[in-house]
Amino acid sequence: MPIRDRLACLDALRAIAAAIVVVHHAGPMLFGSMLLPRGYLAVDFFFMLSGFVMAHAYDDRLREGLSGTAMLRARIVRLYPTIAIGILAAAAVMLATGSDPVQTLFLLTTCLLFIPVATAPDNAIFLLDGVQWSLLFELVANGAHTRLYRLSDRSLALLTGIAALATVAACRAHGSLGIGDVAATFAGGLVRVAFPYLSGMLLHRLYRSGALTVTRIDARGCAVVLCALLSLPAATLWWADAAVVILAFPMLLANAVRARTEGMVLTLSEVGGRLSYPLYALHLPALSATVALATASGLKTGALPMFAGCAAALLLAIATHALLHRRPWRASPWRSRAKQSLLHGWRTIIRADGALR
């Protein structure tokens, strides 16, 4: 099976997870109620995808001599422009709705520099574009990856098991895995990223060794399973989130890397995969702008404002992707220097390296 087809299924799942995050946030903002209360677990699935895809894209390169600095530089060039646009858009919305310019400038500066700010225990650590917290921990995991790839299979499995126990402990302490995004639970973000990222790396080793058997589940079947897992009702048992992340997600990913993807499903998967990160990174500013416009127009929360907000998020994602992949940007000296730091072509990395995001 061509490698393009195998990764296309991961693209499909990443796109679905991003869409579920949008609905998860749009519900209380525009619909008036939480529609997908467990949608936050999509972030944990993103982390797991990232561990797998980064291992797939970089482990061999690192063993062949690619420096950890070059790998991190590639990740920053991949992730930063899109989230920076989201931060700028969020700042523009704040200014347009009457926020204090000095405070907005302070938040803009700290967010662009990836400096978390604890204004209150229950406030987001990145107040402009709230999803930025997950990118921070993603980059921390990527930094650790530059050392973890050297571990033996047994050592990596042991470390993954320890991370699983830490995940259970975090669930027991907080009642769920909805941690890491606010000041009060910020440290828990390290625990939250550890197991899924490590398990993604471990699953990639099993995949490369042939230990993951071929399944008859195609991309559509995997998509149904992911939608079901992320559409579960609010957890009433403290261990429920841990069960999904530790048991269900690895089994889903193990199936997805061997799932059949062809025809129109393949095309849609690849398109969705390219849009998944800008959709995730930019949806909150788009939703906030929609809230402001709906309030100014006297519209109440409901299906129409929510549809408008989700559509605005998708359009912003499409526009941003088009902007960052147009020829002047692709030919810019800054991007060319980043490209030259890699051992192989930039386009291959973008196609393989599409995590979380």
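A short reminder: the numbers here are calculations on the coordinates, not readings from a lab. What you are looking at is a predicted structure, and each value in this text was computed from that prediction instead of being measured. Here Cβ is always computed from backbone atoms with ideal geometry, including for glycine, and neighbour counts include all displayed protein chains.
Using r as the Cβ-Cβ distance of Arg326 and Leu237, and R0 as 51 Å, what FRET efficiency do you calculate, to the nearest 0.05? After rounding, the FRET efficiency stands at 0.55. Each residue of segment 311-320 is assigned a 3J(HN,Hα), and the resulting list reads 5, 4, 4, 5, 5, 5, 5, 5, 5, 5 Hz, derived from the Karplus form 6.51 cos²θ - 1.76 cosθ + 1.60 (θ = phi - 60°), x at Gly and Pro. Overall dimensions of segment 3-352, expressed as equivalent-ellipsoid semi-axes from the Cα gyration tensor (√(5λ), whole Å, largest first), are 30, 24, 21. Each peptide in 296-302, 43-49 was scored by the mean count of other Cβ atoms within 10 Å over its residues; highest first, the order is 43-49, 296-302.
R0 = 35 Å: FRET efficiency of Leu105 with Ala166, Cβ-based, nearest 0.05? FRET efficiency, Leu105 to Ala166: 0.40. Panel order for Cys111, Cys310, by other beta carbons found within 10 Å of each beta carbon, from fewest to most: Cys310, Cys111. Here Ser269, Ser155 are placed in order of increasing Cβ neighbour count within 10 Å, fewest first, which gives Ser155, Ser269. Look at the alpha carbon pairs under 8 Å that are at least 6 residues apart: their mean separation over the length of segment 1-119 gives a relative contact order of 14 percent. Ratio of Rg to Rh for segment 56-173: 1.08 [Cα atoms; Kirkwood radius as inverse mean 1/r over pairs]. Let me make sure I get this right: for segment 1-110, a, b and c are the square roots of the gyration tensor eigenvalues over alpha carbons, sorted descending. Under 1.5 in a/c it's rounded, otherwise prolate if a/b > b/c, else oblate. Which is it? Oblate is the answer for segment 1-110, as a/c is 1.5 or above yet b/c matches or exceeds a/b.
3J(HN,Hα) couplings calculated from phi for segment 55-66 with the Karplus curve 6.51 cos²θ - 1.76 cosθ + 1.60 (θ = phi - 60°) are, in sequence order, 5, 5, 7, 10, 4, 5, 5, 5, 5, 7, x, 4 Hz; Gly and Pro show x. Ranking Ser99, Ala157, Phe126 by Cα position along the charge dipole of segment 69-165, where only Lys, Arg, Asp and Glu carry charges on their C-beta atoms, puts Ala157 farthest toward the positive end.
Here the gap between Leu206 and Asp153, fully extended at 0.36 nm per residue and compared with their Cα-Cα distance, gives a gain of 18.2 nm. Normalised by the number of residues in the chain, the average gap of Cα pairs under 8 Å and 6 or more apart makes the relative contact order 35 percent.
All Cα-Cα distances of segment 57-119, cut into 10 Å bins from zero to the largest, leave 19, 36, 21, 16, 8, 1 percent in each bin in turn.
Cβ-to-Cβ counts within 10 Å put Trp133, Trp239 in ascending order as Trp239, Trp133, the fewest first. Suppose a student asked you for the relative contact order of segment 146-249, using Cα pairs under 8 Å spaced at least 6 residues apart; what percent would you report? Once divided by the residue count of segment 146-249, the mean separation gives 37 percent. Approximating the spin labels as points 7 Å out from Cα along Cα→Cβ, the Ser297-to-Ile115 distance works out to 3.9 nm. FRET efficiency for the pair Leu35 and Glu64, taken as 1/(1 + (r/R0)^6) with r the Cβ-Cβ distance and R0 = 56 Å, rounds to 0.75.
Along segment 80-95, what does the Karplus equation 6.51 cos²θ - 1.76 cosθ + 1.60 (θ = phi - 60°) give for ³J(HN,Hα), rounded to whole Hz, x for Gly and Pro? Per residue, the Karplus-derived 3J(HN,Hα) values read 5, x, 5, 5, 5, 4, x, 5, 5, 5, 5, 5, 5, 5, 4, 5 Hz. Ranked by the mean number of other Cβ atoms within 10 Å of their residues, highest first, the peptides 94-102, 157-165 fall in the order 157-165, 94-102.
Dipole check for segment 3-352: with +1 at the C-beta of Lys and Arg, -1 at the C-beta of Asp and Glu, and the Cα centre as origin, the magnitude is about 1160 Debye. Summing Cβ point charges (Lys, Arg +1; Asp, Glu -1) relative to the Cα centre of segment 131-259 gives a dipole of roughly 400 debye.
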